[in-house]
1. So how far, in whole Å, is the C-alpha centre of region 248-269 from the one of region 271-321?
2. Suppose R0 equals 35 Å. What FRET efficiency, 1/(1 + (r/R0)^6) with r the Cβ-Cβ distance, do GLN203 and ASN228 give to the nearest 0.05?
3. Whole Å is fine, so just give me how far the alpha carbon centre of region 205-230 lies from that of region 123-197.
4. On a 0 to 90° scale, report how tilted helix 342-369 is relative to the longest principal axis of the chain, with both axes built from alpha carbons and the result rounded to the nearest 10.
5. How far, in degrees from 0 to 90, does helix 135-148 lean away from the longest principal axis of the Cα atoms of the chain, to the nearest 10?
6. At R0 = 51 Å, how high is the FRET efficiency between SER23 and LYS127 if r is their beta carbon distance? Nearest 0.05 is fine.
7. Top mean-square fluctuation among VAL131, VAL24, VAL218, Gaussian network model of the chain, C-alpha springs under 10 Å?
8. By how many nm would the segment from LYS299 to GLN325 grow when fully extended, if each residue of separation counts as 0.36 nm and the alpha-carbon distance is taken off?
Amino acid sequence: MSLKSVNRETQNLAELEILIEKSVFDAEVDKVFKKNAEKITVPGFRKGKAPRKIIEKMYGTAYFFEEAIDNLLPDEYAAAVAEAGIDPVSRPEIDVKSMDDNGVLLTAKVYTKPEAVVADYKGIEVKKDKVRVTKDEIAAEIDKIRERNARILTLTDVAAENGDEVVIDFEGFVDGVAFEGGKAEKYSLKLGSHSFIEGFEEQLIGKVPSEELFDINVNFPADYGAENLAGKPAVFKIKLHEVKRTDLPVLDEEFVKDVSEFDTVAEYEADIKAKIKERKTADSDRKLEEDLINAIVEKTTVEIPDCMIETEIDGYVRDYDYRLQMQGGSLDLYYKYTGQTEEQLRESFKSGAEKQVKTRLALEFISKTENITATEEEIEAEYAKIAAGYAVEIEKVKASIPVSGITEDVVLRKAVDFVKENAVIK
């Protein structure tokens, strides 16, 4: 292989002129002939026994050339890219220019990774939320646990209260005539849920289960979906069967011992506080990092080839399809039921994909400028983290993810940490 020249049509579009030496090309053509000759039938010769010159006379001297070039091209192109020192981000556009006694001269047009420039990435000013845990937050968290451990009491001799669940029969009438869809039996309704029209649930509060019917008077809203009911007064005949009430366990030492490893309420509350603080701290750190990355992107100047955005979108679509499959669906079903097209889905991912590409290019600039590298220990730790996350052997992870990919992830992560360490955090 001989790399003849590298021409820059634009900043991010390179044209490589590559010469495949004649001896290399002729040897590959011989291989292609030997592989295909036995499949070719020529009148006057047994199948596969016709001389090469006869075959070339019938089909043309270039009959085996295309396959020979296809076979040689991957290695020849890779060697040319390495010699040119470029970083392609698209498939090459190949054009054969000539074939003569010197060999095969071809060109490969390819988009290359652009070089970003990030201005003033040191000393970025950002605000970080203070982490506070209030007594109300602790109480709310404990109440969730109490609710998960609560008993549901079925009551038939007490008045319904807001928050209770009632079981009722009802039938609605407008102008004394029952209307369609206004009747149900043994219907469960949570009082205070506002799932019925205004005034309905409030009139059930204070009622005691009984065999007797009672009336509820309401007005349908003027914008109600059914035109025959919109804005009209209605009467519902109600029979209240039972009241279901949540009986929350008392927050005491017995409860604490049942739901945790602690013996006292104070210890339990302290643990809940610590967990809330840990969660809020993580949220605060994520927001800080997101704000820093947004600031970096705003300070980045780079001309991104469309092919890089499209490649990133390809990844988004694959991930979305995978998530749909995990839920028993597929992209085809998604398009069918949403009416959305593939083009519309890709367009919805475009801004996120562009930001992701720009972020990565910016962090690569910072890591290169600051000479940030990954140590063997850091790479090994990242492999171990992935293996633990997927509960697989580390050697299987190493077999599936090249070290170059892991190295890049570690370096970019360290670039974010560098920006954070040099930021002005208020």
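Throughout, read-outs are computed from the coordinates displayed, never taken from laboratory work. Small disclaimer: the values here were computed from a predicted structure and weren't measured. Every residue, glycine as well, gets a Cβ built from its backbone with ideal geometry; the counts of neighbours run over all protein chains shown.
1. 39 Å
2. That gives a FRET efficiency of 0.95.
3. 19 Å
4. That helix lies at roughly 70 degrees to the long axis.
5. Result, in degrees: 90.
6. 0.15
7. Among VAL131, VAL24, VAL218, the largest mean-square fluctuation in the Gaussian network model of the chain belongs to VAL218.
8. Contour length minus Cα-Cα distance gives 5.5 nm.
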